Structure formats: structure tokens, C-alpha cells
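Take a look at the structure set out below.
Every number here is computed from the coordinates shown, using simple stated rules; none is lab data. Here the structure is a predicted model, which means the values were calculated and not measured. Neighbour counts run over all protein chains shown; Cβ positions are idealised from the backbone, glycine included.
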Amino acid sequence: MNKLVYIVDDEPSILKLLTHWVKNLPELTVKTFNNGAEFLKAFNDENPDLVLLDIMLPDISGIDILKNIKKKNSDIPVIILSAQGSIEVAMESIRQGAFDYFPKPIDKSRLEPAIKNAIQNYSLIKKVKELENNLTKEYSFENIVSSDKRMQEVFKLVNKVLNNDITVLIHGESGTGKELIARAIHYNGLRKNEPFVVVNCASIPRELLESELFGHEKGSFTGAYQKKIGKFEMAAGGTLFLDEIGEMEPALQAKILRVIQQKEFERVGGNEIIKTDVRIISATNRDLAQMVKERTFREDLYYRLNSFPIYVYPLREHKGDIVVLVNHFIETFNVRHNKKIKGADKKALKLMYDYSWPGNIRELENTIERCIILSEGEYITEDLLPPTIKGNDFDISIALSKGGLFESDIIIPFEKLKEESIRHAIKVTNGNIVEAASRLNLGRATLYRLMEKYEIETNK
């Protein structure tokens, strides 16, 4: 696509010469003006990619025009041309935002590379801003889809923390969209132009997590062949998202507490005190309050992180959103996979509505993408859904009838095995939660959470 260059000069010979030079450069289109008024009229209707501007015009000074350009769009490069050739004029032009300055007579060998550099620089600026806008759009609240009243209350809470740096702890099961909410807070808040850095505390080996967070000095431990910058430094000025914070060991919890309190840390193996300015957002799918009671999570850190708690409900508790989410994901994956699926038929929607969605929104999203890929028609139908959703999945009793869980060739999904184990424990203990939790080697809070997840009642 050709780039548009405006040339403004009241001397016909110079205007003709500049036009000739610019048109000989590849992929450039030229519009010329011999006075400031005509230029400003055209400039109000379109944005050029470069302006070559004479400083001495018959009606308006070039400096005033430059100010007008920068007021409308500060990124548009302007190269000032002047017959005066004074340092004062050159300095004033640069001070007002000119990309470059050339005295007359103009040196073609210097002007051409300046034109190329100016246009290239402007193109990069536009690409960066486009990416930033896409990020902001992607993580806007418009893309956090829900019509449920309780979820709307969650969004209201999120809006309350956008314009401050209070520490936020997002509670919710896996797949409920905790990271999406964290990103929405960042990209719609005060630090949106600074880094958003994610650390999954569950996916990084414990012995490496400290180095990942704080960095390390060369030679600080076996394998530390060079200095490494940690996530706290990477997130400087922005947001550090600590996902699955409940998986962090107590010794490291103490160091995180110090960073929050004192806003400083040291790299592993180093002595230098490094100041930090980051916003911390954490997330967990565990009951941290119970972990505090069990002394597996620091109480002081818990209250620091939990300054502003946000609870994200599992999908089974706002099933009214399933239809909305299904349509949203169909639109998304139609674009990604170049499909034209119109929606899901009634039977498929009924099956999806009745399903408990243990993997929450993430599971629904993956299911819809799978259906979009498999579909050869206009609608998602029952036959495209996974067996677990259609309800014709295996029966554990079949495996037992064949000689035991691991004596047959039937493979039982782990999630289903957990559910059936809990159902069996509740049944044999006649609904005694304390006894059932003890025999399952689970904490009571964990058992209650899993019972809620699998929709298990004590009278079953």
C-alpha cells in the first residue's frame, strides 16, 4: 500500500523538484500545496504519512502549521524546510516536534534517507499502537461475557480496582477465567502501558521458582552460567500475576511478603537491593483460609494478598451464561478456522446446559472449538459433542463387574474416578462428612468443595 506524502512550499520550482524526488521513491504518493490554508483544509480530512513543510509560507508560518499537525496527531513525522538556515529556526522546529530539519538549497542525498526513515518510523509507531489497541480490546470487559447477576457483581468489583494499586486475590476453580479478569484489570487500569507478567506457581519446579521470580547472579548455583533477570524486574512499573499462589512453599511465601511490604528484593546469590514498583494480582483455586488454619500458608501473606478478594463463580452456578458463551465462542472460532457455523441446535444446547462443566469456561471453550473443527454443516449437533457431555460415557460398575478397576481394559478418566470415590465415601459413611473426609485423607473444606463441584449431596 502506497504511503501519502504532503509537500507544502510556496516556491513553484522547489515544489516541482521535491515532487519529482519523492515520486521516484518506491510506493510513495504525493499531494502538493502552495499555502498553509489549503494544506490545513486537506489535512483535516486525511492523515498523510509524512509532511515536507516550508517554514516561510505566504499566509501561515510553518511553525504554526507544525503545532496544528502535532495537536491533531503527534505521531505524524514532519520534515521542516527553510531558506533561513539559522540554528534558532532549526532548534525551534525540533522543539515543536519536527522529525528533521533541512536548510535550502536541499541536499537530495540527505533528504531521501530522511524521508525513508521518517515513513518507516511512523509505520512502526502505528503497528505498536495497533497492537496495544488490540490488547486493550481483547481484554476489555466486553469480552468477559456474562448475563448472570452474580457475575455482573463481580465485574462491578473489578471496576473498583482499576484506578488504584490495591492488591487483588482472585478466588475460583480452574478454568473460570481468573487470568482473564487479571488481564482485564491490568489493561484497563493505570498500568496498562506497562508489562503484564504471568507466573504460574504450580507449573514451575519449587527449586526454580525463587530464581524465576527474583532472578539470580552468575554462579549462584549449579547451572547458573549467567545473570538472570527475574519476573519482578520484568514487570517493573506494571503488573505481576501470581497464578496458583496456594502452591507456593512457605519459605518463598516469606520472601514474597517482604517484597510487598518493603518493595525491594535481592537476586538469588546477590547482595544488591533492587527496588521494585509492581502491582501484584494473585489467583488461587484452593481454600487459602483453610490452608492458613492448617499452617501451610502464611497468615500475614494471606491478609496482604487478600486486601481485595474477588470470587469467580464456577460455570455450573451461572448456567444461564452457557448459551451466551456458546454463541460467543462460535463467533470467535468461526473467524479463527474460517467456518460459518450459525449456532448450536436445541438438543446440543440442552446437553451442554445439563452438563456440570467441571473444567468450567475453559472446558466449554475447548468443546466449542472442537465442534467447530469437526462440523461440516451449519450447526453444532449432538453427535459432535464429546461422550462426557452426551452422557454415554463409561460406567464404573462395568469395570468392577469385569474384575476390578484395573483388571479390565477399560480406562477410567481420573476426574470421574475422583467423583465416584467421593460418592462412595459419602454413601458408606451415611453422609458423615468428618468420617468421609478422614477415610478419603482429605480436609473437610476440600471435601465440601469437591462435593459442590460434583453436585454431591449427603443424602445420596
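Here is what passes the span test in the chain: the DSSP H helices with alpha carbon length of 30 Å or more along the helix axis and a Kyte-Doolittle mean of -1.0 or above are 108-138. Cα centroid separation, region 144-221 to region 308-376: 24 Å.
Taking other residues whose beta carbon is less than 11 angstrom from the beta carbon of residue 116, and scoring Lys, Arg as +1 and Asp, Glu as -1, yields -1. Considering only the other residues whose Cβ falls under 13 Å of the Cβ of residue 345, what net charge follows from Lys and Arg at +1 and Asp and Glu at -1? My count for the surroundings of residue 345 gives +1. Under 5 Å between amide hydrogens, built in the peptide plane, is the criterion, and for residue 30 it picks out 5 among residues at least 5 positions away or on other chains. Using C-alpha pairs under 8 Å with a sequence gap of at least 6, the mean separation divided by the residue count of the chain gives a relative contact order of 11 percent.
In order along region 290-299, phi translates into HN-Hα couplings of 5, 5, 4, 4, 7, 6, 9, 9, 4, 5 Hz, rounded to whole numbers, per the Karplus curve 6.51 cos²θ - 1.76 cosθ + 1.60 with θ = phi - 60° and x for Gly and Pro. Taking θ as phi - 60° and the Karplus parameters 6.51, -1.76 and 1.60, the scalar couplings of region 163-176 work out to 9, 8, 10, 4, 6, 10, 10, 9, 9, x, 5, 4, x, 7 Hz in sequence order, x denoting glycine and proline. The GluC sites (Glu not before Pro) found in region 18-74 that occupy coil by DSSP, while having at most 12 further C-beta atoms within 10 Å, are 27, 46. For the chain, the mean residue ellipticity at 222 nm estimated from helices alone is -14000 deg cm²/dmol, where every DSSP H run of n ≥ 4 contributes -39500 (n - 2.57) and the total is divided by all residues, rounded to the nearest 500.
The calculated FRET efficiency for residue 446 paired with residue 336, based on their beta-carbon distance and R0 = 22 Å, is about 0.05.
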